[in-house]
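Here, each number is a calculation from the coordinates, and none is a lab measurement. None of the values given here were measured: they were computed from a predicted structure. Positions of Cβ are backbone-derived with ideal geometry, glycine not excepted, and every protein chain shown enters the neighbour counts.
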Amino acid sequence: MSLGFKLYSFFNGNLVHQDSLGNKYYHDKNNPNKRWVVYAQGFGPDSLPTQFHNWLHNTSDEISSFELEGNSQESFVKKRIQKHTVKHKENMNKGYNRWQPK
């Protein structure tokens, strides 16, 4: 995250929650429906649990207290990222097959 975005979050946002990975969830001081997240160092959008994703997209108005221990949640996220990466590598290795008209 850029320094400007962190400053914007500090001055214009209210910290709502910080998960065990270090992701910080904010909503706007003037408009509580405007929500965003400041990711922890080394993490990105794929590190968000479902309930936080739903809160960010205004599907749910509450953040449940679902928390795994820090190490288990971090290992869960890394496994999910690795699974996604491996799946896409398999598709990339198949190569390009031209369409041949009959």
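At-a-glance table
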{"read-out": "Leu7 versus His53: modelled label distance in nm, points set 7 Å from Cα along the beta carbon direction", "value": "3.3 nm"}
{"read-out": "Rounded, prolate or oblate (a/c below 1.5 giving rounded, otherwise prolate when a/b exceeds b/c) for segment 1-51 by Cα gyration tensor", "value": "oblate"}
{"read-out": "³J(HN,Hα) computed for each position of segment 12-27 - Karplus, 6.51 cos²θ - 1.76 cosθ + 1.60, integer Hz, glycine/proline x", "value": "10, x, 9, 5, 9, 7, 10, 7, 5, 7, x, 5, 10, 10, 10, 9"}
{"read-out": "In sequence order, calculated HN-Hα J values of segment 29-38 (Karplus, 6.51, -1.76, 1.60; Hz; x Gly/Pro)", "value": "5, 8, 9, x, 7, 8, 10, 7, 10, 10"}
{"read-out": "Karplus-derived HN-Hα couplings along segment 53-62 (A = 6.51, B = -1.76, C = 1.60, θ = phi - 60°), whole Hz, x at Gly and Pro", "value": "4, 4, 5, 4, 9, 6, 7, 10, 9, 10"}
{"read-out": "Neighbourhood charge, 15 Å Cβ-Cβ cut-off, centred on Val37 and excluding it, Lys, Arg +1 and Asp, Glu -1", "value": "+1"}
{"read-out": "Amide H partners (placed H, <5 Å) of His17, local residues excluded", "value": "Tyr25"}
